[in-house]
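Taking it in order: structure first as structure tokens, then the write-up.
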Amino acid sequence: MWRLARRFALFWSAGVLALLTLDSVAASNAAVSLNNAAARNALAVPRWLYLSTGGGTIGASALLASFVTDRQYIEYVHNWAVDVHPTRLVRRGGTAVLRFLGVVALGYVIWSGLTGPQIPTVNGAVILVFAGVRAGLTIISYLIGNPWPLVNPWRTLSTVLPTFDIQYPARVGRWPAVGGFLGLIWIETTTPINNQPALLATVLLGYSILTLTGALVFGRDAWFDNVDPISVMFRFYGSVAPIQRSDDGLSIRPPGFGLPAKRIVDSLDDIAFIIALVWELTFTGFVTTAPGAAFVEALVSLGFPVLGVYLTVFIGGYGLFVGVYLAAAKRTRTFVGTYFTSRALALRFAPPLLAIGAGYHLAHYFGFFISLLPSLQAVITSPLTPPANPIVLTLPGWFEGLNIAFVLLGHLLAIWLAHAIAYETFASRLVAIRSQYSFIAVMIGYTVISLWLISLPTATPAFL
């Protein structure tokens, strides 16, 4: 079985590699190619002022959080919840409707991409995937609740297929999902997948074959819990949402407050995936800005290959983000002198990064989603007759302030969650406070980088 598992892993890797080698001929970042009308301009205030203000806000919030030292109060706040128990009819009816819509949407995207007009702002497949799922459904997953386990069309289709139930190798963990997620981001950034509907449909068709084959071999739960990058992404984002599924219904509490006790991160591959959520938005934010494009152009002018430059920035930056976080965990262990290993500390303090990732995603995609909302509504209400001249909303200038607020709110929530985790982990109040310092420093660094990126004017990625 292990030999078959290794062969299938090679097959999966080969499939992803084939997708990665698609010809790069046009810009593919959704926020740029679909919505140039919403391109950002530089903010009117000096960048050093709001960057230092943003970093100072996070530092001040950490300082204030350190004064909340009542363990019973922290425990009470995080355990507070309202339980909702929908009737069996509502649960079954809602499940059936969402599963049906997911399968229909997948079929529609493939059909529309292959046979519809090859104009990205008109083709329903592009609008539905990037505005509906990449932006809208992901936003819903962390602001309200995660609907993907029910909407997921591949999981629904896999229920009618037999399964070989080959034991999934536990030591592999979620590393395939990490690689798959980074691969999908690379495809989105460096290929014309959102400019060419037929290419989008072809990629989704290949993804469907790989996914259904994997579910057939290893079983639905093992595949979608460990290998499928889209399912893992929604799982992590959904853990921040105020509405969580429970054994007998729904549980409602403040966003992210269930993370300290949920133990959603249990291995290094989970940390790698969470940091990938943060890094991918940093990477796409950088290469779609004027300074980012100028940086790439400068390196290419020196003789470096275009894709080599992008790949170096992509992999190197991701490795730097992971390395800095793990270094913070090692520094924390040395600083507080705890018996916890640096690995254990890294696992415990990783969930707050999900709040940062959610704030990043909202800042990058909320305006994009609002701009394309009329087009998305037209696709949903008239999928077979998309409008020839779709409406794209132009956002007012004050929308940039919302982006800054989203980033700061995500980081503030992360600071509080780290504070709660520290008090749950350490008996000594002084140790609990000191254990947060290194992780807060990393969060402040993430804040400054993100605020700097969203302040820059957008541009088409160079040479793509």
Residues located in segment 67-120, provided they are modelled with pLDDT of 80 or more, of a type in the set (V, I, T) and either out of contact with any strand residue (DSSP E or B) (no Cβ under 7 Å at 6 or more places or on another chain) or under 18 Å from W148 (Cβ atoms) (or both): V90, T95, V97, V103, V104, V109, I110, T115, I119
Just for helices (runs of 4 or more DSSP H) wholly inside segment 338-381: which have at least 2 residues that are within 14 Å of R134 (Cα to Cα)? 352-371, 373-381
Considering only segment 190-307, give the helices (runs of 4 or more DSSP H) lying wholly within it that have at least 2 residues that are free of Cβ contacts under 8 Å to residues at least 60 places away in the same chain. 197-218, 220-226, 229-238, 290-301
Of (1) touching a helix residue (DSSP H, G or I) at 6+ places or on another chain (Cβ under 8 Å); (2) farther than 30 Å from V109 by Cα, T394 satisfies all except one. Which? (2)
Pick from segment 227-253 the residues that are hydroxyl-bearing (S, T, Y) and farther than 19 Å from T95 by Cα: which of them is surrounded by the fewest Cβ atoms within 10 Å (Cβ to Cβ)? S239
Any chance segment 275-282 includes a residue that's more than 15 Å from the chain's Cα centre (by Cα), closer than 27 Å to L143 by Cα and of a type in the set (F, W, Y)? no
Working carefully through the options Y339, Y325, find the one that is of a type outside the set (A, V, I, L, M, F, W, C) and either in contact with a Ser or Thr (Cβ under 6 Å, 6 or more places away or on another chain) or modelled with pLDDT of 90 or more (or both). Y325
State whether one or more residues within segment 410-422 are out of contact with any Lys or Arg (no Cβ under 8 Å at 6 or more places or on another chain), modelled with pLDDT under 85 and in a helix (DSSP H, G or I). no
Considering F130, F164, which residue is at pLDDT 90 or above and over 30 Å from Y423 (Cα atoms)? F130
Selection status of L150, within 30 Å of F257 (Cα to Cα), surrounded by 17 or more Cβ atoms within 10 Å (Cβ to Cβ) and more than 17 Å from the chain's Cα centre (by Cα): yes
Can you pull out every residue in segment 216-275 that is of a type in the set (S, T, Y) and touching a strand residue (DSSP E or B) at 6+ places or on another chain (Cβ under 6 Å)? S251
Can you pull out the residues in segment 85-105 that are exposed (fewer than 12 other Cβ atoms within 10 Å of the Cβ) and not in a helix (DSSP H, G or I)? H85, T87
Quick one: how many residues across segment 306-332 are under 26 Å from S435 (Cβ atoms) and either crowded, with 21+ Cβ neighbours inside 10 Å or of a type in the set (A, V, I, L, M, F, W, C) (or both)? 11
Return the residues of segment 424-459 that are more than 24 Å from the chain's Cα centre (by Cα), surrounded by fewer than 21 Cβ atoms within 10 Å (Cβ to Cβ) and assigned to a helix (DSSP H, G or I); say none if nothing qualifies. E424, T425, R429, L430, V431, I433, R434, Y437
Checked segment 197-239 for anything more than 21 Å from L182 (Cα to Cα) and of a type outside the set (F, W, Y); matches are P197, A198, L216, V217, G219, R220, D221
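Okay, residues lined up against (1) within 24 Å of L143 (Cα to Cα); (2) surrounded by fewer than 20 Cβ atoms within 10 Å (Cβ to Cβ):
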site: Y360; (1), (2): yes, no
site: Y365; (1), (2): yes, no
site: F369; (1), (2): yes, no
site: S375; (1), (2): yes, no
site: T381; (1), (2): no, yes
site: N389; (1), (2): no, yes
site: W398; (1), (2): yes, yes
site: I404; (1), (2): yes, yes
Do the conditions hold for S455, that is, is it more than 26 Å from V336 (Cα to Cα) and either of a type outside the set (S, T, N, Q) or out of contact with any Phe, Trp or Tyr (no Cβ under 9 Å at 6 or more places or on another chain) (or both)? no
Selection from segment 383-409 of residues that are assigned to a helix (DSSP H, G or I) and hydrophobic (A, V, I, L, M, F, W, C): F399, L402, I404, A405, F406, V407, L408, L409
Hey, among the residues in segment 254-274 that are surrounded by fewer than 18 Cβ atoms within 10 Å (Cβ to Cβ) and touching a His at 6+ places or on another chain (Cβ under 9 Å), which one's nearest to V77 (Cα to Cα)? P254
Say we look at segment 385-403 and pick out the residues that are at pLDDT below 85 and among the aliphatic types (A, V, I, L, M); which of these is nearest to G124 (Cα to Cα)? A388
For the structure I just gave you, tell me whether A355 is touching a residue at least 24 places away in the same chain (Cβ under 8 Å) and either touching a Gly at 6+ places or on another chain (Cβ under 9 Å) or closer than 14 Å to F439 by Cβ (or both). yes
From I356, I271, grab the single residue that is β-branched (V, I, T), within 22 Å of the chain's Cα centre (by Cα) and at pLDDT 95 or above. I271
Subset of segment 152-177 (residues that are basic (K, R), over 29 Å from A96 (Cβ atoms) and not in a loop (DSSP other than H, G, I, E, B)): R171
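Residue-wise test of (1) charged (D, E, K, R); (2) surrounded by fewer than 22 Cβ atoms within 10 Å (Cβ to Cβ); (3) within 16 Å of the chain's Cα centre (by Cα).
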site: Y142; (1), (2), (3): no, no, yes
site: G145; (1), (2), (3): no, yes, yes
site: P162; (1), (2), (3): no, yes, no
site: V172; (1), (2), (3): no, yes, no
site: T190; (1), (2), (3): no, no, no
site: I193; (1), (2), (3): no, no, no
site: L205; (1), (2), (3): no, yes, no
site: G214; (1), (2), (3): no, no, no
site: W223; (1), (2), (3): no, no, no
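The values are calculated or read from the model by the stated rules, or taken from the named source; none is laboratory data. Being a predicted model, the structure only gives us computed values, none of them experimental. Every residue, glycine among them, receives a Cβ derived from its backbone with ideal geometry; neighbour counts consider all protein chains shown.
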